[in-house]
Amino acid sequence: MTPDALTAPSAGTAGAGGHRIRTRSGRTTVTRRAEAADLAAVNAMHGRCSPQTLFGRYQTGRFALRAHEWARLTRQGTSWVTSPVYRPDVVVAVTHLLPHGTEGRGELALLVEDGWQDVGLGTALARWAVSRAPLFGVRRAVVVTTRDNHRMTAICDALGAHVEPAGAPGGTRDGTEDGDDVLHFVLAVPEGTTPRCVHGTCGHASA
């Protein structure tokens, strides 16, 4: 089934507003601040993702978000949902920027539905989130991923991230040491970063 034919529960208030990205395949998406009401559409997207895509995002066998988890993410105000411009009720990507509260660090996480991968959308969303980071006091965005998550490591490389050495401050997650296959990419956030707009439409999936 093509993304054009996907259906999902109606959620949120996506519409003509928001951050627009035109992918390399020529499709346009709208990204807006996530809301509690988006959970059904977000979990519907999880259901359309392959196990490999979900494991790449969570590094565990997770297939959906619980209501209290999504509520926490949306309350922080640092989560966004992305929809096709012609289907605002369908979510095809979720982006999180989660401040750690120390040293201006924040964790950047992406989940892009399989049918919307490899068209530059993930890179464009990561760049967008980094551009918003100063608004949340984040000076360094950290991506935690596995060595074999080639799409995410390619996104980090495209954004000029460097790998944080093992044992560096912030090199642990939830109080436990990461395994050898887990990498921490660090993206510096330039002060005064603002989203780039071209002809009234912010963002192009060029990488």
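The values are calculated or read from the model by the stated rules, or taken from the named source; none is laboratory data. Given the structure is predicted, the values throughout are model-derived calculations rather than measurements. A quick note on method: Cβ atoms are made from the backbone with ideal geometry, for glycine too, and the neighbour counts reach across all protein chains shown.
Annotations
- For region 29-78, a residue qualifies if it is closer than 17 Å to residue 121 by Cβ, out of contact with any Asp or Glu (no Cβ under 9 Å at 6 or more places or on another chain) and outside any helix (DSSP H, G or I), and the qualifying residues are 29, 30, 31, 32, 34.
Condition check ((1) among the β-branched types (Val, Ile, Thr); (2) under 18 Å from residue 155 (Cα atoms); (3) touching a strand residue (DSSP E or B) at 6+ places or on another chain (Cβ under 9 Å)) across all residues:
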residue	(1), (2), (3)
20	no, no, yes
29	yes, no, yes
43	no, no, no
58	no, yes, yes
75	no, no, no
79	no, no, yes
104	no, no, yes
112	yes, yes, yes
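- Selection within region 112-141 - surrounded by fewer than 22 Cβ atoms within 10 Å (Cβ to Cβ) and either part of a strand (DSSP E or B) or free of Cβ contacts under 8 Å to residues at least 60 places away in the same chain (or both): 118, 134, 135, 136, 137, 139, 140
To keep it simple, each residue is scored yes or no on (1) charged (D, E, K, R); (2) modelled with pLDDT of 95 or more; (3) on the phi > 0 side of the Ramachandran plot.
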position	(1), (2), (3)
105	yes, no, no
112	no, yes, no
116	no, yes, no
124	no, yes, no
141	no, no, no
147	yes, no, no
159	no, no, no
162	no, no, no
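- Contact map, region 19-45: first residue free of Cβ contacts under 8 Å to residues at least 24 places away in the same chain, second residue surrounded by 16 or more Cβ atoms within 10 Å (Cβ to Cβ) and of a type in the set (A, V, I, L, M, F, W, C), Cβ cut-off under 7 Å, separation 6 or more or different chains; pairs are 43/65.
- Filtering region 100-111 to residues that are surrounded by 18 or more Cβ atoms within 10 Å (Cβ to Cβ) and either closer than 11 Å to residue 187 by Cα or out of contact with any Lys or Arg (no Cβ under 6 Å at 6 or more places or on another chain) (or both) leaves 105, 106, 107, 108, 109, 110.
- Subset tally (residues that are part of a loop (DSSP other than H, G, I, E, B) and not hydrophobic (A, V, I, L, M, F, W, C)) for region 142-164: 5
- Number of residues in region 87-108 that are within 23 Å of residue 39 (Cα to Cα) and part of a strand (DSSP E or B): the value is 10.
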